[in-house]
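This report concerns only the one structure given below.
What follows draws every value from the coordinates through simple rules; no lab data is involved. Bear in mind the structure is a predicted one, so any value in this text is a computation, not a measurement. Don't worry about glycine lacking a Cβ; one is built from the backbone with ideal geometry, like all the others, and counts go over all protein chains shown.
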Amino acid sequence: MKQFKHINKVILVIMILGLSWLLPQIWHLITDKATRYPFTYFSSVNHTFCTLEYEKEEFIRKDAHGNTYTEEQWDSILPMFSFRQLATDGLLPDTLNGIALSVKDIRKTNYYFRYKPNELFSPSIPLYPLFESMSGRVDLEMPGDVFRVTKDGVEFINPKTNKINFTKSLKYSKSLLDKGFGGPAKWVAGSPTTRKSYDEGYFILDQNSRLFHFKRVNDKPFVKEIKIPENIDPIFMKTTEYGDKRFYGFVISSDSKLYVISCNKYKFINIPIRFDYKNDNIMLMANLFYWNMGITTDSGKVCYAINTNDFSLVDTLKYHKEPNKMAEASKYFLPFSLKFKSYKSNYIKPRFSAVPLKYMLVNLFFVILLVLLKPIRKQKPTPLAIIITLITGIYGLTTTLLLKL
């Protein structure tokens, strides 16, 4: 009999956990609504934010001052965005803001950058191809081997035979160790793809928080230590290798600040935006004059216009997320929830979230309901059933009814 009691307790826990996963999933599936924000772009002509949104089966184009525009007028005030259409129509201006314009220069300075928390909180395979940065060829070619970073430097491995190239490994490891590298690496940042116009290798942060630029030049190792300012603790880097070759990549610090590493003496430049690297998404649309940066948070979206010359803040525009009252209502009857997946991380693991204690007073209602169901159940609820219902609310009520506790 004791064994059956223990089994019932295990079943009880499993059912409560299962309901704490299932019921929130069903509720959010019914109530969740996608939040859409207007497309927003900072005008290099009017020097103000312009928005494009779809309303009543038509596109509405306007600026932050409420002025509306036709499609042709929209193209003319956003020449960096609509340059292809303007060039086709012969309407692309020769100069803008004192700078000569050409399709080639606009293409070179138009690029995109994205950051999502799951890029940082995701499993990865620590094997990287080391391209030849000065091959003299138009297209990059895969090297045929990959390297990994160890406590003793780097190891080059042939992925077909799984054998280590000790000669090459010793050669490149020595160049790192001679610069004071202390492995293994905390993180390695690079773009392991041939779909880029040039290669800048990898940036490696060692166990002593020293940052190294590591690449292959004329079949020889190139290693450069980068001095990190004392107030910066880099936890993530994403290399860019954009056409204008102004900087090496974006760096995120532990205090949720964004930096770029300039190609001019590896200088760290702070980008004046506010975000939380654990929760917020970043979208950058760059052009010759401004960086259009959008930070999407759980409460809304903030758009920043950044001057591309000195990276100063020019303007901001905020969108507030409309509260979903039906989704918010769940906290009154779902005291906690269990999730295994999150858009903020690619790791699959149990994640518990609980509502504040003040909302758990509604659990008293479920206890009263349990007592009132006595005539239907034809039995008095046990003290265990009352305690479980008081703590876990609807999960405990459902479980005790099914198990007849």
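At-a-glance table
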quantity: Computed helical MRE - 222 nm, the chain, DSSP H runs ≥ 4 contributing -39500 (n - 2.57), nearest 500; calculated: -7500 deg cm²/dmol
quantity: For the chain, built as a Gaussian network whose Cα springs stay under 10 Å, the top-fluctuating residue of 22, 92, 78; calculated: 22
quantity: Inter-part distance where region 93-153 and region 252-270 are each reduced to a Cα centre, Å; calculated: 17
quantity: Cα-centred dipole magnitude for region 204-255, charges only on beta-carbon of K, R (+1) and D, E (-1), debye, nearest 20; calculated: 300
quantity: Length released on extending from residue 391 to residue 349, taking residue separation times 0.36 nm less the Cα-Cα span; calculated: 12.8 nm
quantity: Full-extension gain in nm, residue 9 to residue 332, via 0.36 nm per residue minus C-alpha separation; calculated: 113.6 nm
quantity: Backbone N under 17 Å from the residue 87 label point (7 Å along Cα→Cβ), restricted to region 240-274; calculated: 243-244
quantity: Karplus-derived 3J(HN,Hα), 6.51/-1.76/1.60, for each residue of region 262-268, Hz, glycine and proline x; calculated: 6, 6, 8, 6, 6, 6, 8
quantity: In Hz, Karplus ³J(HN,Hα) per residue of region 72-82 (6.51, -1.76, 1.60; θ = phi - 60°; x = Gly, Pro); calculated: 5, 5, 4, 4, 6, 8, 10, x, 6, 8, 9
quantity: Residue 315 paired with residue 186, simple spin-label distance in nm, labels 7 Å along Cα-to-beta-carbon; calculated: 3.9
quantity: Gyration tensor verdict on region 117-206 (Cα atoms; rounded if a/c is under 1.5, prolate if a/b is larger than b/c, oblate otherwise); calculated: rounded
quantity: Segment residue 127-residue 369, extension gain: residue separation times 0.36 nm, minus the distance between their alpha carbons; calculated: 81.3 nm
quantity: Dipole moment magnitude, nearest 20 debye, the chain about Cα centre, only Lys, Arg, Asp, Glu C-beta charged; calculated: 2500
quantity: Value of Rg/Rh across region 317-378 [Cα atoms, Kirkwood radius]; calculated: 1.16
quantity: Global size of region 204-253 as Cα Rg and Dmax, reported in angstrom; calculated: 12.2, 36
quantity: Cα gyration tensor shape for the chain, rounded if a/c is under 1.5, else prolate or oblate; calculated: oblate
quantity: Average projected area [Cα convex hull, region 111-318], square nanometres; calculated: 12.2
quantity: Per-residue Cβ neighbour rank within 10 angstrom, fewest leading, 57, 71, 225, 155; calculated: 57, 71, 225, 155
quantity: Candidate aspartates and glutamates for bridging to residue 174, where Cα separation is under 13 Å - those fewer than 8 sequence places away on the same chain excluded; calculated: 152, 155
quantity: Shape call, region 1-152: gyration tensor on alpha carbons, a/c limit 1.5; calculated: oblate
quantity: Exceeding the 27 Å Cα-Cα cut-off - candidates 339/380; 163/215; 186/220; 186/341; calculated: 339/380
